[in-house]
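Structure first, then comments.
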Amino acid sequence: MSGSISGFEIADFITLGLLVVQFIISVAMLIYVPRKRSPAASRTWLILVFFQPFIGAILYFLVGRIYVSARRLKMQHEITRIINKFRSHFLKQLPSLDPQLDDVSKQAILLAQQIGDFSAIPCNAAELLTDYDGTITRLVQDIDQAQDHVHLLYYIFADDAVGGRVIGALGRAVERGVTCRVLLDSFGSKKWRKHVLRKMQALGIEARVVLPPGNLLRRGAARFDLRNHRKIVVVDGATGYIGSQNLVDSGFKQGIVYEELVARVTGPVVAQLQAIFLSDYYLETARALTPVAYPGLLPAFEMNGTVTMQTLPSGPGYSSGTTERLIVALLYRASKRVVLTTPYFVPESPLLEAMATAVKCGVDVHLIVSRAADQLLVSLAQKSYYEELLEDGIHIHLYEPAFLHAKHLTIDDDIALIGSSNIDIRSFSLNEEVSVIMYDAGIVEQLRAIQDDYIAGSHLLTLAEWRARPLHQQVSQNLARLFDSFL
């Protein structure tokens, strides 16, 4: 029939339209993706978009943007303003910093304050806890001694024997009139959160999920895979816990036993951990808990310790950098020995270059990671970095007794960092993390002894050994590295 359009013509028209749309998507992503993004991350996303434009664009919208909503950023800025106002008042009540701190420590203090808002403060004490069950016992004992409040923030809070012990202690505290507030991450605690919340709320514990599910934008948080990876405890505003350990049984993953490190701290640094907890509480509830309204949140501290400490929070809402920036700066300023302990090592080029530069400047650089893996793709990507690290002269120790989930580092003889942050792209760019920097030779000596025990229980990887691995392992590791930005 004259003037009619055949099925083939319609199909050609649709095909042409799809090609045009794909071309537009590819060009737009080529312009947009590299903005404020590392070459490695840009490369990953552009490869996906060029091969699968529609799938790539959808995935990028969901998980590709390191983006926080204007509402959440506004609240974060308000938190920073409150912290800065409080800091100037709080510091007047404390002794001055030790004038004997070296130049490296002073520079680290300034940089960490620019990144995370908190100043270094003296007169603290720290106890390093490495026994998994012993740490839980110590925590339960502190909760059982609480008189005013207990605040817990955890990535994983399980409905198992470990979680049950803590819930039991919190319930007993509530019976004594103690206010107990608990925040748990929606993703990390997904398997248990409904049961845990139900149990705690039945006992009168104020328990809330951080970054709760419900829609792709997570109530304005933008990315649905943002996670609060922090582990913080504050008891009566005077005792704090920070480190790598979650509230879950050490063998909760089949075939793997987790080994951790936690710092139990006392002194004025606990006020900084309190501020971070209250900040996250505010972001989720829009309720500001202040020492004016609740005097028990900031009691008079026992200032009989000798350790200078500084809390370093990080996350996508902080505009001045991440924990990675501090680690890179410390590596460039190191002069003797650096030991990095992490369960996941998927770094970007600035950190790799800083490690290599430190070795060339005569610094003894050690990386302690586990031989076992609890996340296959992350482990494959991590191993793809080993050859260049070994070529640069970095010592790689594969820990064998357990899965070493501890996250800490030592710089020379007087700086230690302990916290929740892994040395990977997700921790540095997406997760809410927290660390405590300790400027103290005694603490470094203690942590160095723990690190030496790790090294004694590790296999020292050699370049010749690593180059001899089978070809299929090399291929799978290098392919996983292409997708490091997804991991």
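The values are calculated or read from the model by the stated rules, or taken from the named source; none is laboratory data. Since the model is a prediction, treat every value here as computed from it, not as a measurement. Note: ideal-geometry Cβ built from the backbone for every residue, glycine included; neighbour counts use all protein chains shown.
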Residue, surrounded by the fewest Cβ atoms within 10 Å (Cβ to Cβ), within the range 169-202, restricted to residues that are aliphatic (A, V, I, L, M) and over 18 Å from V235 (Cα atoms):
A202
Under 7 Å by Cβ, and 6 or more places apart or on different chains, what pairs join a residue from the range 198-209 that is at negative phi with one that is surrounded by 15 or more Cβ atoms within 10 Å (Cβ to Cβ) and basic (K, R)?
E206/R181; V209/R193
Residue ID - surrounded by the most Cβ atoms within 10 Å (Cβ to Cβ), chosen from residues in the range 114-158 that are among the acidic types (D, E) and within 25 Å of E284 (Cα to Cα)
D117
From the list S105, S42, S96, which residue is modelled with pLDDT under 75, surrounded by 16 or more Cβ atoms within 10 Å (Cβ to Cβ) and of a type in the set (G, A, S)?
S42
Only one of T341, T323, T306, T311 that is surrounded by fewer than 22 Cβ atoms within 10 Å (Cβ to Cβ) and β-branched (V, I, T):
T306
Taking the range 298-353 and keeping only residues that are aliphatic (A, V, I, L, M) and closer than 13 Å to L111 by Cα, one is left with L312, L326, I327, V328, A329, L330
Given the criteria at pLDDT below 95, of a type in the set (A, V, I, L, M, F, W, C) and crowded, with 20+ Cβ neighbours inside 10 Å, does L278 qualify?
yes
Tell me, please, whether a residue that is of a type in the set (V, I, T), under 15 Å from L139 (Cα atoms) and out of contact with any Asp or Glu (no Cβ under 8 Å at 6 or more places or on another chain) can be found in the range 285-305.
no
Looking only at the range 378-390, filter to residues that are assigned to a helix (DSSP H, G or I) and over 19 Å from the mean Cα position of the chain (by Cα); which one of those is farthest from V365 (Cα to Cα)?
L380
Residue among L283, L289 that is aliphatic (A, V, I, L, M), under 17 Å from Q76 (Cβ atoms) and without any contact (Cβ under 8 Å) to a residue 60 or more places away in the chain:
L289
Using the structure shown, decide if D412 is in contact with a Lys or Arg (Cβ under 6 Å, 6 or more places away or on another chain), more than 21 Å from I232 (Cα to Cα) and assigned by TED's automatic domain parsing to the domain that holds P347.
yes
If I filter the range 367-408 down to residues being in contact with a strand residue (DSSP E or B) (Cβ under 8 Å, 6 or more places away or on another chain) and basic (K, R), which single residue comes out as surrounded by the most Cβ atoms within 10 Å (Cβ to Cβ)?
K407
Where residues in the range 341-362 are of a type in the set (D, E, K, R) and within 22 Å of the chain's Cα centre (by Cα), which of them is modelled with the highest pLDDT?
E353
Select from the range 236-275 the residues that are among the β-branched types (V, I, T), surrounded by fewer than 24 Cβ atoms within 10 Å (Cβ to Cβ) and not in a loop (DSSP other than H, G, I, E, B) and list them in ascending order.
T239, T266
Condition check: outside the structural domain of G237 (by TED's automatic domain parsing), at pLDDT 90 or above and either in a loop (DSSP other than H, G, I, E, B) or β-branched (V, I, T) (or both). Does V338 satisfy that?
yes
Please determine whether any residue of the range 450-470 is within 30 Å of D117 (Cβ to Cβ) and modelled with pLDDT of 95 or more.
yes
